[in-house]
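S.K.: Below: one structure in structure tokens.
The values are calculated or read from the model by the stated rules, or taken from the named source; none is laboratory data. Note that the structure is a prediction, hence the values are computed from the model and not measured. No Cβ is skipped: glycine too gets one built from the backbone with ideal geometry, and neighbour counts run over all protein chains shown. Quick note on the areas: whole protein, heavy atoms, side chains included, nothing else; ligands and nucleic acids left out. Shrake-Rupley method; radii C 1.70, N 1.55, O 1.52, S 1.80 Å.
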Amino acid sequence: MTTLDQIAAPNRRRRFGSLTLWAGIALVGIHIAVGLLTVVWSPYDPSGMTGGRLEAPSWLHWAGTDRLGRDFLTQIMIGSRIALIVGTGAAAIGAIIGVTLGLLAAFATKLLDDAFAATLDILIAFPTLLIAMLVVAAADTANLGSAIFALGIALSAIVARLTRILTKRVLLLDYITAARTSGTSWLGIVFRHILPNIWPTLSVSFALQFGLAAIAEASLSYLGLGAPPPNASWGRLLQEAQGTVYTAPIGAIAPGIALVSLVIGINLLADGLRDSVDPTRRAR
Amino acid sequence: MSLLKVDNVTFGYSSGKSVLAGVSLDIGPGDTIGLVGESGSGKSTLLRLLLGLTRPNSGSISFNGTALDPRNAQFMRAYRRQVQIVFQDPYSSLDPRQTVLSIVAEPLRSLKIARDHRQMVMEALVSVGLEPTILGRYPHEFSGGQRQRIAIARAIVAGPSLLLADEAVSALDLSTRIRIVELLKQLSASMTLVFVSHDIGVVAALCEKIVILEQGRIVESGDTKTILANPQHPYTQRLLASVPRMPA
Amino acid sequence: MSALLDIKQLSLHTENVRLLYGVDLTIAPGERVGLIGESGSGKSLTAMAATGLLPTNIRASGSITLAGRPVIDASEHQLNLLRGSAAAVVFQEPLTALDPLMRIGRQIAEPLRRRAARDGQRLSGTELDAAVLAMMGDVALPDPERIARAYPHEISGGQRQRVAIAMALACKPSLLIADEPTTALDVTTQAEILCLLDRLVRERNMALLFISHDLPVVAGIVDRVVVLRQGEVVEAGPVHQVFAHPQHAYTQSLVAAAHAFDTALGAAP
């Protein structure tokens, strides 16, 4: 009976939901604010040697300086901008390619769909990072654009598979048949019925992709395949801090905290958003 | 002349067993026909064929003398305006993310019926016994019976001449069921109704004519009262004997 | 004679919803009681409460005694002893009640073996196989040897429900709880299953709690009915009396609706 499903989720979830939303907004908001700020202002010139080498945190340099004497806080702040650009760009490219392919697969004939599903499964079996490295290698210049594109391609397989499954599930429901018998075109059905109904799950997935992309970009940069030096990616900061991790641990800790806080923030935000865009979960 | 004519239609999957074997039906304007069958009778498949969602392997379906052709977009648009359906499950037949206005207006929008949609939706809601003030609300705010009324409003909003109902009251509680049957009966005064159901009691209460399907074949059809009083086919007899009755 | 199932002033709540309020229900050994209600009436919850199968977020107050033992706040171990031997349940949807990956024969063998072990006997090998086939014969499953080797999806809905009934009976319960056992079935299959339940309950002298929204179905199989509406009992009494002279307005509306469809069908053949 339906009664049990209805009582399974008590109101606590909704209150908790709004709490996660606000925590997510706060964390991501800080990164966005810092990222935007660095476009017009940063504490020091990011490439200027403004202090001694590997200085400890002080009033002048809140997070100390790196081994070339550059202000470390400035670098971390610019890292926020890079991470946001890469995360957003890669998630957007992954979403556009993935959702389109997933929808096409869901509507395709049985044979095509099976072939498509098998291809996706094989692609997903490769680690995101590996695919991204291959794409970067193929592009043969390492810059921010190629990193974003590479990660977007790598993520699109995951999005496509999810979109395909979610779409197939919605296609079975009577309101789709009702739309067809009302004369709604397939394109109309996609935009009016399918996308709004799979959006809550997809949006959470996009946020996860964003987090994955931010981490993968850090990994690419760590391996020297990410954005080239004037762009202070957290991955490169971590890589540079590797040799001095015992003498100046802040060099590893600070970019790590920055990365983790952004990824957690975006996940909380996604969770909170899912609850608020779903009319069936809104307060009655 | 018949409104909808099904002529010797067969349907089967490539895997083998036939679902419909030579079904012929003649639905005249103003008829109220009940298609009764149990699982495996082919009644759902017949309905999909009537809706133009699937094509028969052989045989033909014609509407007002014109053959039903799902590939002919122009014909289908006119057909959709004339033929609408109400489904069994009021929980899956309404898009949970759309407002009542948007749900009921869908045929008007999709069939490009250029009139005041809001006004037409409100009129449809009133004629199914709902308040016209619910336009901005979402399906989850309504009970099963109310949702089914919304689904019926969507089906009649474009003024169809033929209304198909697929087990439209089977998922409802008894007290709600009888009210929806009454509503359909009232609507059937102004349009042709084809009511598909496994529940012969509901069909008896609603339909003047009855068609009994068993394993893809019509075993008996005709006037409801005549058949109920004097069933000829053994399957019809068994079906009637199986219906549980209230104690006298 | 002491009651087999005795529910007194049972109320169920979640954190902020009242699901059941002050429900009284007594079933004597061998008695057949129908629990009638529409969706949301709490009829299935009452059955779950009686066997201690409530979800953990539902709190119960009042008292439930099954075969002389308290059910509310009983430990899982005590409940396990009661389930099966005191009461067994047959659910609405036989496909989900059976394990899809286990052959029918093994599914019936499991409760048979458990029941025998509880009685201090060991049942295994050919003896167990024979008991399984006998059980399948009791519920009139055709071609029991073939069906014993089949998986749930390979047999029809009516046959699955017969299997579910066989599994419930294998426990030799004193009370059989049937929760909408024919709602998912075709009318002709429903008639067969009702006939089977009627015979088995009579032959084995079991008590029956039959839960349904369908008045004519209930009328055909029980002696006494309890009508639930939104978690409260609105009427109770012998089935003929309640259906012939319903006192509460709600029962009257249900009976009137049932009669309307009945009358449309004409005289019973």
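S.K.: So for segment C:5-265, taking the charge dipole from beta-carbon charges (+1 Lys/Arg, -1 Asp/Glu), which of C:252, C:169, C:197 sits furthest toward the positive end?
M.R.: Working it through, the farthest residue towards the positive pole turns out to be C:169.
S.K.: Return the carbon/sulfur percentage of the accessible area of chain C, one whole number, probe 1.4 Å, all protein chains in place. List each step's numbers first, then the result.
M.R.: On the way: 6070 of 11820 Å².
Carbon with sulfur: 51 percent of the solvent-accessible area.
S.K.: Taking every DSSP beta bridge that has both residues in segment C:5-265, what percent is antiparallel when rounded to the nearest 5?
M.R.: Values: 21 of 40 bridges.
Here the share of antiparallel DSSP bridges comes out near 50 percent.
S.K.: With point charges of +1 on the Cβ of Lys and Arg and -1 on the Cβ of Asp and Glu, referenced to the Cα centre of the protein assembly as shown, which listed residue (B:33, C:46, B:86) lies farthest in the positive direction of the dipole?
M.R.: B:86
S.K.: On to the next question. Can you quote the Å³ per residue value for the convex hull of the Cα atoms in segment C:210-258, rounded to an integer? List each step's numbers first, then the result.
M.R.: Working: hull volume 3.4 nm³, N = 49.
With only Cα atoms used, segment C:210-258 gives 70 Å³ per residue.
S.K.: Considering only DSSP beta bridges whose two residues both sit in segment B:84-243, what percent are antiparallel, to the nearest 5? Please report the intermediate quantities before stating the final value.
M.R.: Values: 6 of 14 bridges.
So the antiparallel bridges in segment B:84-243 amount to around 45 percent.
S.K.: Related question: Kirkwood Rh over Cα pairs of segment A:10-159 into Stokes-Einstein at 25 °C, 0.890 mPa s: D in µm²/s? Kindly include the intermediate steps, with their values, before the conclusion.
M.R.: Details: Rh = 18.8 Å.
The Stokes-Einstein estimate is 131 µm²/s.
S.K.: Checking an interface number: how much accessible area is buried between B and C, summed over both chains, with a 1.4 Å probe, in Å² rounded to 100? Let's see the in-between values first.
M.R.: On the way: alone 12330 and 13470 Å², together 23250 Å².
So the total buried area for this chain pair works out to about 2600 Å².
S.K.: Say a paramagnetic label sat at a point 7 Å from the Cα of residue C:230, along Cα to Cβ; which residues of segment C:21-59 have their backbone N under 17 Å from it?
M.R.: C:21-23, C:37-43
S.K.: With a 1.4 Å probe and every protein chain kept in, tell me what percent of the accessible surface of segment B:1-125 is carbon plus sulfur. Spell out each step's value before the answer.
M.R.: On the way: 2600 of 5420 Å².
Its accessible area is 48 percent carbon and sulfur atoms.
S.K.: Once B and A are treated as a pair rather than alone, how much accessible area drops out, both sides summed, in Å² to 100, probe 1.4 Å?
M.R.: Details: alone 12330 and 15430 Å², together 25670 Å².
Looking at B and A, the buried total is near 2100 Å².
S.K.: Okay, next question. Determine the dipole magnitude for segment A:61-115: charges of +1 sit on the beta-carbon of Lys and Arg, -1 on that of Asp and Glu, nothing else is charged, the reference point is the Cα centre, and the result goes in debye to the nearest 20. Kindly include the intermediate steps, with their values, before the conclusion.
M.R.: Details: 4 positive and 4 negative charges, 36 e Å.
In debye, rounded to 20, segment A:61-115 gives about 180.
S.K.: Considering all projection directions equally, how large on average is the shadow of the alpha-carbon convex hull of segment C:5-265, in square nanometres?
M.R.: Details: hull surface 57.8 nm².
If you wrap the Cα atoms of segment C:5-265 in a convex hull and average its projections, you get 14.5 nm².
S.K.: Taking H as built 1.01 Å from N, whose amide H comes closer than 5 Å to the amide H of residue C:32, not counting residues under 5 places away?
M.R.: Under 5 Å from the amide H of residue C:32: C:208, C:223, C:224.
S.K.: For segment C:217-264, state which residues have at least 40 Å² less accessible area in the presence of all protein chains than in their chain by itself, taking the probe as 1.4 Å and leaving out ligands, DNA and RNA.
M.R.: In segment C:217-264, residues shielded by partner chains: C:257, C:261, C:262, C:264.
S.K.: Turning to a different aspect of this structure: If you count only protein heavy atoms with a 1.4 Å probe, what accessible area per residue comes out for chain A, rounded to a whole Å²?
M.R.: Details: 13960 Å² over 284 residues.
It amounts to 49 Å² per residue over chain A.
S.K.: Give me the summed buried accessible area for the C-A pair, 1.4 Å probe, to the nearest 100 Å².
M.R.: Values: alone 13470 and 15430 Å², together 28100 Å².
That pair hides around 800 Å² of surface in total.
S.K.: What angle do you read, to the nearest 10 degrees and between 0 and 90, between the alpha-carbon axis of helix C:125-138 and the longest principal axis of chain C?
M.R.: 40
S.K.: Report the charge-dipole magnitude of segment C:5-265 in Debye, nearest 20, computed about the Cα centre from +1 at each Lys and Arg Cβ and -1 at each Asp and Glu Cβ. Please list the in-between numbers first.
M.R.: Values: 24 positive and 28 negative charges, 138 e Å.
Roughly 660 debye, rounded to the nearest 20.
S.K.: Let me ask something else about it. Taking the Cα centre of the protein assembly as shown as the origin and placing charges on Cβ (Lys, Arg +1; Asp, Glu -1), which of B:13, A:197, B:60 is farthest toward the positive end of the dipole?
M.R.: A:197
S.K.: Could you check what % of the DSSP bridge pairs in the protein assembly as shown are antiparallel, to the nearest 5?
M.R.: Antiparallel bridges: around 55 percent, rounded to the nearest 5.
S.K.: Kirkwood Rh and Cα-based Rg: tell me the resulting Rg over Rh for segment B:1-80, rounded to two decimals. Don't skip to the answer; put the middle values down first.
M.R.: Working: Rg = 12.7 Å, Rh = 13.2 Å.
Rg divided by Rh gives 0.96.
S.K.: I need the shape label for the protein assembly as shown. Rule: rounded when a/c is under 1.5, else prolate if a/b > b/c, else oblate, with a, b, c from the alpha carbon gyration tensor.
M.R.: Working: a/c = 2.21, a/b = 1.55, b/c = 1.42.
Prolate shape, in that a/c is at least 1.5 and a/b is the bigger ratio.
S.K.: Quote the accessible area belonging to residue C:221 in square angstrom, nearest 10, computed with a 1.4 Å probe and with ligands, DNA and RNA left uncounted.
M.R.: We get 10 Å² for residue C:221.
S.K.: Any idea of the accessible area per residue across chain B, 1.4 Å probe, to the nearest Å²? List each step's numbers first, then the result.
M.R.: Values: 10000 Å² over 248 residues.
Heavy-atom SASA per residue in chain B reads 40 Å².
S.K.: Taking the Cα centre of segment B:4-239 as origin, work out the dipole magnitude from +1 charges on Lys and Arg Cβ and -1 charges on Asp and Glu Cβ, in debye rounded to 20. Don't jump to the answer; show the numbers that get you there.
M.R.: Numbers: 25 positive and 21 negative charges, 129 e Å.
Dipole about the Cα centre, nearest 20: 620 debye.
S.K.: Work through the residues other than residue B:62 whose Cβ is under 12 Å from its Cβ and net out their charges, Lys, Arg +1 and Asp, Glu -1.
M.R.: Summing Lys/Arg as +1 and Asp/Glu as -1 gives -2.
S.K.: Here's something else I'd like to know. If Lys and Arg each add +1 and Asp and Glu each add -1, what is the summed charge of the other residues whose beta carbon sits under 15 Å from the beta carbon of residue B:78?
M.R.: On the way: positive: B:71, B:77, B:80, B:81, B:112; negative: B:69.
Its environment carries a net charge of +4.
S.K.: Sticking with this one: Enumerate by residue number the chymotrypsin sites (Phe, Trp or Tyr not before Pro) in segment B:4-100 meeting two conditions: DSSP loop (anything except H, G, I, E, B), and at most 12 other Cβ atoms within 10 Å of the site's Cβ. Spell out each step's value before the answer.
M.R.: Values: sites: B:11, B:13, B:63, B:75, B:79, B:87, B:91; in loops: B:13, B:87, B:91.
When the chymotrypsin sites (Phe, Trp or Tyr not before Pro) of segment B:4-100 are filtered for loop state and at most 12 Cβ neighbours within 10 Å, B:13 remain.
S.K.: Note down the net charge around residue C:170, summing +1 for each Lys or Arg and -1 for each Asp or Glu among other residues with Cβ under 10 Å from its Cβ.
M.R.: Numbers: positive: C:113, C:114, C:115, C:172; negative: C:110, C:138.
Here the charged neighbours net out to +2.
S.K.: Can you tell me the 0 to 90 degree angle between the C-alpha axis of helix C:157-170 and the longest principal axis of chain C, rounded to 10?
M.R.: 80
S.K.: Right, something else. Using only Cα positions of chain A, each an equal point scatterer, no hydration layer, compute I(q)/I(0) via Debye at q = 0.07, 0.14, 0.15 Å⁻¹ and quote the log10 values to two decimals.
M.R.: Those come out to -0.34, -1.04, -1.13, one per q.
S.K.: Based only on Cα atoms, what mean projected area does the convex hull of segment C:33-153 have, in nm²?
M.R.: Working: hull surface 39.3 nm².
If you wrap the Cα atoms of segment C:33-153 in a convex hull and average its projections, you get 9.8 nm².
S.K.: Right, here's the next one. Loop only per DSSP, at most 12 neighbouring Cβ atoms within 10 Å: give me the trypsin sites (Lys or Arg not before Pro) in segment C:117-226, ordered by residue number.
M.R.: Details: sites: C:118, C:122, C:146, C:149, C:160, C:162, C:199, C:202, C:204, C:224; in loops: C:122, C:149.
Of the trypsin sites (Lys or Arg not before Pro), the ones in loops of segment C:117-226 whose Cβ has at most 12 other Cβ atoms within 10 Å are C:122, C:149.
S.K.: Mind jotting down the distance between the C-alpha centroids of segment B:92-145 and segment A:26-45, whole Å?
M.R.: 47
S.K.: Right, next: Just which residues of segment A:163-185 lose 10 Å² or more accessible area with every protein chain there, against their chain alone, with the probe set to 1.4 Å?
M.R.: Going by heavy-atom accessible area, the residues of segment A:163-185 that drop by at least 10 Å² are A:173, A:174, A:175, A:177, A:178, A:180, A:181, A:182, A:183, A:184.
S.K.: Provide C:39, B:110 ordered by accessible surface of protein heavy atoms (probe 1.4 Å), highest first. If you can, show how the numbers build up before the last one.
M.R.: Working: C:39 70, B:110 20 Å².
Highest to lowest solvent-accessible surface, that is C:39, B:110.
S.K.: Which positions within segment C:174-199 get 50 Å² or more of their accessible surface covered by the other protein chains, compared to the chain by itself, with a 1.4 angstrom probe?
M.R.: Going by heavy-atom accessible area, the residues of segment C:174-199 that drop by at least 50 Å² are C:186, C:187, C:188.
S.K.: Continuing with the same structure: Given the Cα atoms of chain B, and with Rh set as the inverse mean 1/r over their pairs in the Kirkwood sense, what is Rg to Rh to two decimals? The partial results should precede the final answer.
M.R.: Working: Rg = 18.2 Å, Rh = 18.8 Å.
Using Cα coordinates only, the ratio equals 0.97.
S.K.: Keeping all protein chains in place, calculate the accessible area per residue for chain C (probe 1.4 angstrom), answer in Å². List each step's numbers first, then the result.
M.R.: Working: 11820 Å² over 269 residues.
Per residue, chain C has 44 Å² of solvent-accessible surface.
S.K.: Any idea of residue C:240's accessible area? Nearest 10 Å², probe 1.4 Å.
M.R.: Using a 1.4 Å probe on the heavy atoms, I get roughly 120 Å².
S.K.: Right, here's the next one. Suppose we flag trypsin sites (Lys or Arg not before Pro) only when DSSP calls them loop and at most 12 other Cβ atoms lie within 10 Å. Which is the longest uninterrupted stretch of chain B?
M.R.: Working: sites that count: B:17, B:71, B:112, B:115.
The segment B:116-248 is the longest one with no such site.
S.K.: State which entries of B:185/B:209; B:43/B:209; A:110/A:168; C:43/C:172; B:17/B:43 exceed 20 angstrom in Cα-Cα distance in the structure shown. If you can, show how the numbers build up before the last one.
M.R.: Working: B:185/B:209 13 Å; B:43/B:209 16 Å; A:110/A:168 12 Å; C:43/C:172 24 Å; B:17/B:43 15 Å.
Too far apart for the 20 Å limit: C:43/C:172.
S.K.: Something else about it: Can you list the aspartates and glutamates whose alpha carbon sits under 14 Å from that of residue B:5, skipping same-chain ones fewer than 8 residues off?
M.R.: Answer for residue B:5, where 14 Å is the Cα cut-off: B:26, B:31, B:69, listed by chain and number.
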